[in-house]
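Participant: Structure below; questions to follow.
Read the figures in this text as sums done on the coordinates, not as results from a lab. Model, not experiment: these values are computed from the prediction. Cβ atoms come from the backbone with ideal geometry, glycine included; neighbour counts cover every protein chain shown.
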Amino acid sequence: MAGRWKPDLTWADVTPKAAYMNRRQLLAGAGAVAAGAIAGPAMASLGAVPSPYSTDETPNTFEEITNYCNFYEFGTGKEDPARNAHMLTTEPWAVRIDGLVDKPGLYGLEDILADVTLEERIYRLRCVEAWSMVVPWVGFELADLLAKVGVQDGARYVAFETAYRPDEMPGARFPILDWPYREGLRLDEAMHPLTILATGLYDEPMPNQNGAPIRLVVPWKYGFKSIKSVVRITLTADQPHASWNHSQPREYGFYSNVNPEVDHPRWSQATERRIGEGLFAPRRPTLMFNGYADEVASMYAGMDLTKFY
Ligand SMILES: Nc1nc2c(c(=O)[nH]1)N[C@H]1C(S)=C(S)[C@@H](COP(=O)(O)O)O[C@H]1N2
Ligand SMILES: [Mo]
């Protein structure tokens with residue numbers, strides 16, 4: 001499996017698009033028709049099945065999600081990724097999986113996707129900068145991939161790395177962060193069913209600016225934990241290097257769970273601005289664990305959540 005390329009199989013072949021009607025049209029269209037389409041056999045052609053983990057909050061539009069981005073490898077402005085990320089070559093793509101696993105190797109993306117179930121996961125995304133969105137991701141549980149490669153005894157954390165290609169990433173030519181962008185999770189967080197590797201949104205292959213072709217999504221943590229364009233996943237015994245935690249440890253903890261009661265040193269985290277609602281819309285209260293407390297709070301029992309770890 002590892003390292004076997006199938007250059008004749010393109011990304012479009014392995015990520016089915018909505019042939020009959022896309023999600024945007026569904027949302028804009030009549031509710032009854034939309035519900036029928038979701039429940040009916042046509043759903044299979046989407047490739048992504050609905051999930052009980054999805055929120056019923058209204059998703060942001062495709063245009064909002066793809067034009068207001070953080071992806072510093074392509075610039076620090078919110079619209080820089082939309083402008084520049086087309087330079088990233090996403091085919092072919094492979095992810096090196098190594099460290100404390102039974103089957104380390106260089107896995108082609110098509111091999112990773114061969115036997116996973118793609119689901120639609122409509123999640124809130126809360127950036128540490130105090131804005132939020134609702135995104136209909138398409139992806140699969142990271143736990144499925146970890147099971148496939150076999151997690152060894154002694155593994156306690158999972159480290160992730162983004163591609164580092166200064167020739168394709170104009171922002172990565174500047175020392176904004178200690179490239180490559182790196183992130184990490186504790187093993188139980190990585191195995192949690194809410195944690196996904198996303199390969200698309202709105203039933204379309206992941207737009208480059210949102211982390212094509214495969215990115216992490218951890219909805220109860222500040223957005224910077226959800227690392228984009230992943231090329232390496234390493235199972236480790238020790239807490240891995242995380243880029244923002246490393247660059248400003250007093251501002252960005254390793255855990256960085258969304259918490260309205262713990263302010264960032266330079267701004268409050270109590271409320272947030274929902275992208276698309278306009279400058280005069282009231283700010284929304286930020287929810288503990290970004291609204292996922294019922295699912296995840298037990299993982300942090302005994303930890304002092306007011307502390308930066
Ligand atoms: N490699 C990489 N991953 C990244 C970032 C980045 O700059 N580089 N930005 C993070 C931040 S701060 C946020 S809020 C989310 C934004 O995801 P989105 O642009 O798809 O909404 O991506 C995260 N993942
Ligand atoms: Mo962010």
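Participant: Pick from Ala237, Ala163, Ala172: which residue has the top mean-square fluctuation in a GNM of the chain where Cα pairs under 10 Å get a spring?
Facilitator: Maximum fluctuation in the GNM of the chain, among the listed residues, is at Ala237.
Participant: OK, next. Summing Lys, Arg as +1 and Asp, Glu as -1, what charge do residues with Cβ under 14 Å from the Cβ of Ala301 carry, Ala301 excluded?
Facilitator: Net local charge, Ala301 excluded: -4.
Participant: Let me ask another. Tally Lys/Arg at +1 and Asp/Glu at -1 over every other residue whose Cβ is under 14 Å from the Cβ of Ala155; what's the total?
Facilitator: -3
Participant: On to the next question. If the chain between Asp102 and Ala293 were fully stretched, how many nm would it gain, using 0.36 nm times the residue separation less the Cα-Cα distance?
Facilitator: 65.5 nm
Participant: Arrange the peptides 71-81, 261-271 so that the one whose residues have, on average, the most other Cβ atoms within 10 Å appears first.
Facilitator: Highest mean packing first, the order is 71-81, 261-271.
Participant: Residue by residue, what Karplus-based ³J(HN,Hα) values in Hz, rounded to whole numbers, does the stretch 246-253 have, using 6.51, -1.76 and 1.60 with θ = phi - 60° and x for Gly and Pro?
Facilitator: Taking θ as phi minus 60°, the curve returns 5, 6, 9, x, 7, 10, 9, x Hz for the stretch 246-253.
Participant: Relative contact order for the chain: what percent, with Cα pairs under 8 Å and sequence separation of 6 or more?
Facilitator: This gives 19 percent for the chain.
Participant: Right, another one. Based on other C-beta atoms within 10 Å, arrange Glu272, Glu64 from fewest to most.
Facilitator: The fewest-first ordering by Cβ neighbours comes to Glu64, Glu272.
Participant: Asp238: net charge of surrounding residues, Cβ under 12 Å, Lys/Arg +1, Asp/Glu -1, itself excluded?
Facilitator: So the environment of Asp238 carries a net charge of +2.
Participant: Determine, for His192, His86, the number of other Cβ atoms within 10 Å of each Cβ, and report the residues in order from fewest to most.
Facilitator: The fewest-first ordering by Cβ neighbours comes to His86, His192.
Participant: Between Ile176 and Phe308, what FRET efficiency comes out of the Förster formula 1/(1 + (r/R0)^6) with R0 = 25 Å and r the beta carbon distance, rounded to 0.05?
Facilitator: Step by step, r from the Cβ atoms, then E = 0.70.
Participant: Choose one answer from Ser298, Ser256, Ser54: the residue with the largest mean-square fluctuation in a GNM of the chain with alpha-carbon springs under 10 Å.
Facilitator: Of Ser298, Ser256, Ser54, the most mobile in the Gaussian network model is Ser298.
Participant: For a Förster distance of 41 Å, can you work out the FRET efficiency between the beta-carbons of Asp56 and Arg83, rounded to the nearest 0.05?
Facilitator: 0.80
Participant: Order of Glu119, Glu183, Glu295 from fewest to most other C-beta atoms within 10 Å?
Facilitator: Fewest to most other Cβ atoms nearby, the residues stand as Glu295, Glu119, Glu183.
Participant: Enumerate by residue number the trypsin sites (Lys or Arg not before Pro) in the stretch 123-182 meeting two conditions: DSSP loop (anything except H, G, I, E, B), and at most 12 other Cβ atoms within 10 Å of the site's Cβ.
Facilitator: Counting only loop positions with at most 12 other Cβ atoms within 10 Å, none of the trypsin sites (Lys or Arg not before Pro) in the stretch 123-182 qualifies.
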